[in-house]
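Encoded as structure tokens, the structure appears first; notes follow it.
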Amino acid sequence: MTEKELRALLEDMSLREKIGQLTQLDASVFNDEGPVTGPASELGLNDDDAYLCGSVLGLTGAAETEALQKMCMAKQPHGIPLLLMADIINGYKTIFPIPLAQGCSFEPEAARKVAEIMAKESAAAGLHVTFAPMVDLVRDARWGRVMESTGEDPYLNSLMAAAMVEGIQGQENSYEDRLAACTKHFAAYGAPIAGKEYNNVELSERSLREDHLPSYKAAIDAGTAMMMTSFNTLDRVPATASKWLMRKILREEMGFNGVLISDWNAIGELIGHGVAQDPKSAAELAITAGVDMDMMSFSYACGLEKLVEEGTVSEQLIDESVWRLLQLKNQMGLFENPFRSASTQQESELILSAEHRLAAREVAAKTFVLLKNEDQLLPLEQDDSVAYIGPYIEEKSILGAWSFFGKTEDCVSIREAVEARGVQAEYAHGCGVLNPGQAIYGFRYDTESNLTEAETEKMIADAVALAANKTKVVIALGESNLQTGEGGSRGDITIPDIQKKLLEAIYAVNKNIVAVIFAGRPLDIRDIKDKTKSILYAWMPGTEGGSAIVDMLYGDTAPQGKLSMSLPYSVGQVPVFYSELRTGRHTEDGAEPTNRFLTKYCDIPNDPLYPFGFGLSYTDFSISPVRLSSDQLTLDTTVKAVATVKNIGNREGVETIQLYIRDEFASVARPLRELKGIKQVKLEPGQEAEVEFEIDTNMLRFYDINMEYKAQHGDFTVWIGNNSKTDNSVCFTLN
Ligand code: BGC
């Protein structure tokens with residue numbers, strides 16, 4: 001449609017139709033014959049209104065989406081097509097590692113690849129928009145949704161956010177055989193107080209701007225078509241009702257001009273927050289704040305018409321939102337072809353194709369983090385006699401908590417992959433993922449351990465007998481998929497007790513233990529660290545998880561992942577992250593143990609168990625001292641920081657070299673160090689490479705005492721290393 005035709009369409013629409021466009025309904029509202037508005041009808045949303053909705057979420061399948069599209073278009077007075085959305089987070093049916101694991105690749109191209117494939121598969125299944133990427137910065141491992149983010153660092157998250165949006169939307173945001181991206185959750189949803197789900201957020205404006213906003217900004221600059229509001233408050237104002245956040249920051253300052261949708265019932269929840277009395281006043285707050293679309297609260301459908309009639313909300317305000325939505329539908333070509341790329345043939349060709357499965361296997365290998373490898377227990381020899389023990393040896397719930405369309409039966413378990421390899425191995429379950437009798441409630445399915453104490457005792461005894469006779473043990477442990485994701489906040493971030501008991505029993509008879517950890521968050525793994533020689537942190541690795549793990553265990557691939565979130569020493573430390581601010585009494589870990597009056601705990605260390613950016617390989621790398629092209633920088637020059645990286649081991653490997661910078665003196669307190677550059681090198685044994693970073697003043701900018709974003713003159717320290725704790729540094733001055 002031309003812009004003129006689109007304008008004419010808008011002008012011809014009734015107010016009720018316009019409000020319909022701003023309403024998103026869940027697919028469950030419709031059955032084959034039509035809408036069943038159920039509880040919504042009590043709020044005033046009748047079946048005819050449901051037909052007018054602008055968007056439906058949660059339905060996929062080329063045939064199913066086509067049927068719904070036809071049904072609704074036939075009843076929509078202007079035949080306006082629906083925009084079909086769903087949560088495609090780390091894959092549609094070919095499931096990739098969770099986003100937090102993708103962060104550990106430190107490789108935006110890997111995230112782009114994932115985004116491309118998931119967009120292609122779900123476009124074939126009739127979808128138009130995915131509620132991804134989630135770019136919320138996360139630092140509190142208690143929060144269940146840390147799994148959906150790429151981690152704790154603004155710089156890394158920004159690179160990942162841009163790559164994901166580009167991968168989802170395709171070349172120059174053409175959406176061709178792809179989807180539109182709905183970046184979420186604006187803003188700072190990743191910082192709920194105490195890691196408790198849906199909790200409020202208290203942040204300084206500087207932290208909001210410097211730590212949290214950059215990744216949303218990167219998604220906007222990459223062209224994200226949509227943005228989703230967050231559930232939380234910010235400075236005591238629910239984000240979904242915050243005119244300051246949505247109109248001033250998001251649209252005016254950050255330049256977002258796409259469609260802004262609420263999170264699920266977030267407009268309705270303004271009543272729960274105590275800032276709206278009823279759905280009508282909630283609708284008034286949200287539309288005034290600039291929220292274009294109401295996901296599943298029915299507040300717009302039930303309240304906006306009255307608000308316009310009363311003159312509280314102008315029809316022009318509604319037109320602005322409808323216009324943005326119509327434009328997106330038009331840009332996606334829906335008026336010409338409402339079914340877009342939906343195709344049953346494409347579904348059968350693309351979904352879980354050999355190519356997609358291979359990509360899932362390759363990406364997974366980049367996300368595993370080798371945390372320790374004493375005695376070079378890994379990689380295993382082909383002829384090692386290995387006992388494979390633990391609940392995750394056969395478990396297939398390893399897709400991550402947001403993989404609603406992926407099927408566990410399509411997954412390869414560790415056991416299946418070992419068997420396919422044909423190596424010597426025996427297996428013992430050892431125990432369930434959960435403690436006997438423990439239950440976790442999900443929103444799509446529940447899980448509980450049906451095992452009794454007695455059955456588990458017997459399983460542990462069998463596993464011990466097996467372990468005693470083998471030279472090496474691979475034990476696969478972890479938290480349950482349902483202990484992660486939305487509603488998965490935990491106060492105890494260790495593996496279930498029964499698994500600790502299993503590990504202890506095995507350790508008593510065999511010390512050659514490799515642990516493979518499945519998790520949706522950084523867990524407290526002190527117990528595991530003490531009782532194993534090698535630890536491979538595999539996160540929730542997706543459809544090809546088992547194959548990718550076994551490839552790595554036997555050395556077909558080598559670990560290269562780096563932690564995208566610090567692994568805490570214990571839950572008492574969280575939120576723990578490398579870029580903390582200095583204090584007046586800052587202390588390096590281990591320094592001045594007898595001085596009580598420092599910024600520290602008196603019973604646990606300050607340092608995490610494993611820091612951000614950390615991860616080993618099967619080989620070793622040396623990194624030379626940093627060389628600077630000059631130790632003086634001016635506002636319009638740059639300085640080159642260089643280090644020589646050498647593979648000093650005897651296997652090929654990939655190393656991720658990281659550049660960190662600290663502002664030594666400024667008008668406000670500055671972080672201990674900040675990540676400012678990433679470079680990956682792949683080196684053969686004995687091979688070396690120069691790694692060069694160019695430092696300019698843009699990298700040194702921050703919100704100064706006057707809230708101006710600029711660099712200040714003075715001294716800076718720069719580090720080049722392979723994790724955030726590196727002490728390989730030099731200094732320069734900004735004149
Ligand atoms: C989540 C969003 C998600 C939406 C739709 C909400 O509960 O917070 O991230 O996109 O549901 O499924």
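The values are calculated or read from the model by the stated rules, or taken from the named source; none is laboratory data. Nothing here was measured: the structure is a model prediction, and the numbers come from that model. Please note: Cβ atoms are built from the backbone with ideal geometry, for glycine as well, and neighbour counts cover all protein chains shown. Areas reflect the complete protein model, heavy atoms only, side chains present, ligands, DNA and RNA absent. Shrake-Rupley method; radii C 1.70, N 1.55, O 1.52, S 1.80 Å.
What does the highest-first list of 711-720, 304-313 look like by mean Cβ count within 10 Å?
On the way: 711-720: 18.9, 304-313: 16.9.
With the highest mean Cβ count within 10 Å placed first, the list reads 711-720, 304-313.
Could you check what % of the DSSP bridge pairs in the stretch 354-553 are antiparallel, to the nearest 5?
Details: 6 of 24 bridges.
DSSP beta bridges in the stretch 354-553 are roughly 25 percent antiparallel.
Quick check on my link table: of Lys248/Lys562; Lys470/Lys529; Lys366/Lys407, which ones sit more than 25 Å apart, alpha carbon to alpha carbon? Show your work: numbers first, answer last.
Details: Lys248/Lys562 36 Å; Lys470/Lys529 21 Å; Lys366/Lys407 23 Å.
Among Lys248/Lys562; Lys470/Lys529; Lys366/Lys407, the Cα-Cα distance tops 25 Å for Lys248/Lys562.
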- Note on the structure: Computed ³J(HN,Hα) along the stretch 324-341: with the Karplus parameters 6.51/-1.76/1.60, θ = phi - 60°, integer Hz and x for glycine or proline, the list is 4, 5, 4, 4, 5, 4, 5, 4, 7, x, 5, 5, 7, 9, x, 9, 6, 8
- Quick one: with all protein chains in place, what share of the accessible area of the chain is carbon or sulfur, to the nearest percent (1.4 Å probe)? 47 percent
- Task: Between the alpha-carbon centers of the stretch 652-671 and the stretch 348-379, tell me the distance in whole angstrom.
- Result: 29 Å
- Item | Anchor Lys75: lysines whose Cα lies under 16 Å away (excluding residues fewer than 8 positions away in-chain) | Lys18
- Message: Distances longer than 48 Å among the Cα atoms of the chain: what percent of all pairs is that?
- Response: 19 percent
- Item | Gain in span if fully extended, Thr637 to Asp497, counting 0.36 nm per residue against the direct Cα distance | 44.7 nm
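Which of the chymotrypsin sites (Phe, Trp or Tyr not before Pro) found in the stretch 551-629 are loop residues per DSSP with 10 or fewer other Cβ atoms within 10 Å of their Cβ? Write down the numbers at each step before the final one.
On the way: sites: Tyr554, Tyr569, Phe577, Tyr578, Phe597, Tyr601, Phe612, Phe614, Tyr618, Phe621; in loops: Tyr554, Tyr569, Phe577, Tyr578, Phe597, Tyr601, Phe612, Phe614, Tyr618.
Answer by residue number: Phe597.
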- All other residues with a Cβ under 14 Å from the Cβ of Tyr175 taken together, and with Lys, Arg as +1 and Asp, Glu as -1, what is their net charge? -2
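Give a quick list of trypsin sites (Lys or Arg not before Pro) in the stretch 215-251 that DSSP marks as loop, anything other than H, G, I, E or B, with at most 16 other Cβ atoms within 10 Å. Before the final figure, lay out the partial values.
Details: sites: Lys217, Arg236, Lys243, Arg247, Lys248, Arg251; in loops: Arg236.
In loop regions of the stretch 215-251 (DSSP not H, G, I, E or B), the sparsely surrounded trypsin sites (Lys or Arg not before Pro) are Arg236.
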- Message: As an exercise, use a Förster radius of 60 Å and the Cβ-Cβ distance of Gln316 and Lys529 to find the FRET efficiency, rounded to the nearest 0.05.
- Response: 0.45
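Before rounding to the nearest 500, sum -39500 (n - 2.57) across all DSSP H runs of length at least 4 in the chain and divide by the residue total; then give [θ] at 222 nm in deg cm²/dmol. Write out the running numbers ahead of the final one.
Working: 20 runs with 205 residues, N = 735.
Estimated from H runs of four or more residues: -8500 deg cm²/dmol.
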- Task: Select from the stretch 333-391 those GluC sites (Glu not before Pro) which occupy a DSSP coil region and have at most 11 other Cβ atoms within 10 Å, ordered by residue number.
- Result: Glu336
- How many nm is it between the label spots at Asp221 and Glu426, if each spot is 7 Å from the Cα in line with the beta carbon? 5.8 nm
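Quick one: putting +1 on the C-beta of Lys and Arg, -1 on the C-beta of Asp and Glu, what dipole do you get for the chain around its Cα centre, in Debye to the nearest 20?
Numbers: 68 positive and 107 negative charges, 275 e Å.
Result for the chain is approximately 1320 debye, rounded to the nearest 20.
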- Query: Computed FRET efficiency, Cβ-Cβ of Thr594 and Leu6, R0 60 Å: what is it to the nearest 0.05?
  - Reply: 0.25
- So how much accessible area does Ser622 have, in Å² to the nearest 10, using a 1.4 Å probe? 40 Å²
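Per residue, how large is the accessible surface of the chain? Use a 1.4 angstrom probe and give square angstrom. Let's see the in-between values first.
Working: 27270 Å² over 735 residues.
On a per-residue basis, 37 Å².
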